[in-house]
1. Run down the aspartates and glutamates and flag those whose C-alpha is under 14 Å from the C-alpha of K177, throwing out any fewer than 8 positions away in its chain.
2. Size of the dipole of the chain about the Cα centre, Lys and Arg at +1 and Asp and Glu at -1 on the beta carbon, nothing else charged, in debye to 20?
3. Could you tell me which of the pairs K155/K191; K448/K580; K97/K155; K169/K219; K191/K350 are separated by over 22 angstrom between their Cα atoms in the structure shown?
4. If you count the DSSP beta bridges with both ends in region 374-616, what percent of them are antiparallel, to the nearest 5?
5. Hey, could you pull the Cα Rg and Dmax for region 107-146, both in Å?
6. Considering every pair of different Cα atoms, what Kirkwood radius, in Å, is found for region 273-358?
7. Give the residue from P533, A481, Y513 lying farthest towards the positive end of the charge dipole for the chain; charges sit on Cβ (+1 for Lys and Arg, -1 for Asp and Glu) and the dipole is referred to the Cα centre.
8. Going by Cα centres, region 510-543 and region 257-314 are how many Å apart?
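Values quoted throughout were computed directly from the atomic coordinates according to the rules given, and no laboratory measurement underlies them. No experiment lies behind these values; they were computed from the predicted model shown. Because the Cβ atoms are built from the backbone with ideal geometry, glycine has one as well, and the counts that use them run over all protein chains shown.
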Amino acid sequence: MRRLLLVVLAGAVSIACTRKKDPPLSLIDAGAPVAVGTPTTKDDVAQDAPRRPRKPPTGAPPRLSCASARALISDVLARLAAPPAPLAKSAEPTFHKNLAEATLDWADPHGLWTASPDSPIATLMRARAPKLRAVLEGDADCKTEMRPIGEALTKWMGELRTEWDGASKGEATSLNKSAFDGAFEDGALTKPARTLARELAARASTVQRARPELAADVKAGRDRWLPTLDADAWGEVVLAAAVRAYVPLIDPHGAWAPLDESATLYDRDLEVAPPPRLWTASTRTAVGVRLDAGASAPLAERDVIVSIDGVTVAGLSAEAIEQLSETPDGAGAEPRIVRVLRVSKSDPNKIELHSFDLHVGLGDSPSPPEPFPTELVPYGDSRALIVHLADVPDALGDDLARTIALARDSGSFSGIVLDLRGNGGGSIDGATSALGLFLPGAPLFPLKHRDGAIETERATEPPVEDRWTGPIAALVDGGTASAAEMIAGALHAYRRGAVIGTATYGKGCAQEYVDDVTGIGVLRLTTLLFALPDGSPVQRVGLRPDLFLGLPPPAAVKDHEADLPRAAPTWAGPDVRDPKRIGDVPWPAAKAIGPCKDDAVCRALRALSSRHGDIAKR
């Protein structure tokens, strides 16, 4: 439910937040003022830099005081690449509706407090959404406006605890179902909170009767699912959720998360060396988390993890569990202690409790990545290398060089087509390293900061043997965004290679991570606007291909950057090109082309071949 809502607000499933790599964050004391920060990347830090310390999850709901929430929002507004456009009166109802729904969702990681169908809080929150916005923006008295919500939650939690305590004294249910079945709904919530509380209590008590040594874990789960907080504390829980909801409403690519859930802000698939994880897919149960895929031995699929390094898993949010699955900073020498429930091999009706010491660390060298999917298409008397790039990871330059080298080993080819269709982007460093193979050392993208300062990114200078001086082209569509637009746009700006396909998404902004002003969490914010090397804007505009093809719109992309409410404005930058580097590298004409696995590729190659004569006449 939560992730779907954020995707809708962000605009498209496949659009990544272009990120700029800088040194990792250093954490600050709660309440201390923060300087305009030490930004880091969207998804990772430099491979040789220490990782940001991760705060072990406590299971307590995130809370922000009135002063902290307002300071955080004020800091967000000051950091954005451009001030958000004023909210029109006609847009206020939609804004307030989205703020209320997202706040209800973020405040309720389990479907028990605010977002459940029988919760009395939802109606109250929707009615008070304008006041909630005014609280965050400093235009209403915070404690006065939050108290009714806090009082309602205090009363509601008392009712649910009564349901729990009654059900926990009832008859035992199926032990296997109680221990191993998922406890929560995916997607829209349909189960009343009272029903869910009774089910959780019955399952947890059933497991505790079979394994009495889990009594403390069961109690921890109950206390997390149904916290005993006063009205002021519940108001702070709602404020934290409201901040989490508000940030992407004023920055479609922005987000805030508390430190013990911040791992979910990062796209680990784009990192050079992501932290090892104990598993890759899981399901929350009444007593822990069931491993569904990617379990690190001796863990196995279907195991239910009860605790990790002394931290009970029951009652943690999905985000906190994901963070707990990652190997923490400095780990490697010290084992991770994991307690696991597992079905007995000798008796399928018996549940065993195991404890494992896992040595999962950061010191192991990552194995070389698989080369990108490629296709060698007959092109006249030679061939064309088609490289399919789904995203722009940090190490794209090295990975692409390896892919091209492997293709060279299988024979010669006349040119390379980078298939960037549906590529939502990723890392600025990935884009500049990839362009280094074709435009080594060239000045590339002017980046504009909020204060007007402009810096210029340059292409890397890879070893001579890795460079490609022959024809190059980029195949794009409406799903090509962000760092992928950087790659295609730079090839076009330097006339180094043609851009073929349809108009792109138009995301010409970049995100950075900073500590929030309170020290309680981490922000991902749009802090930079970028233009192409010739100064052409990308934000809200996108690229217009040199050669248009009638390509179908990507199924996952329902709109474009220009359609996102309050997206950053368009910016045209200075021309930073090196004039000596501007020049055509034409594709040779070819009479026979193909066959291709994808007809669009053959159409693109035919267009490149036909363009040969046009370039020759210049």
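1. E199, D303
2. Around 1020 debye, computed over the chain.
3. Checking Cα-Cα distances, K448/K580; K97/K155; K191/K350 exceed 22 Å.
4. 55
5. 11.5, 31
6. Its Kirkwood hydrodynamic radius stands at 13.1 Å.
7. After comparing all options, I get A481.
8. 29
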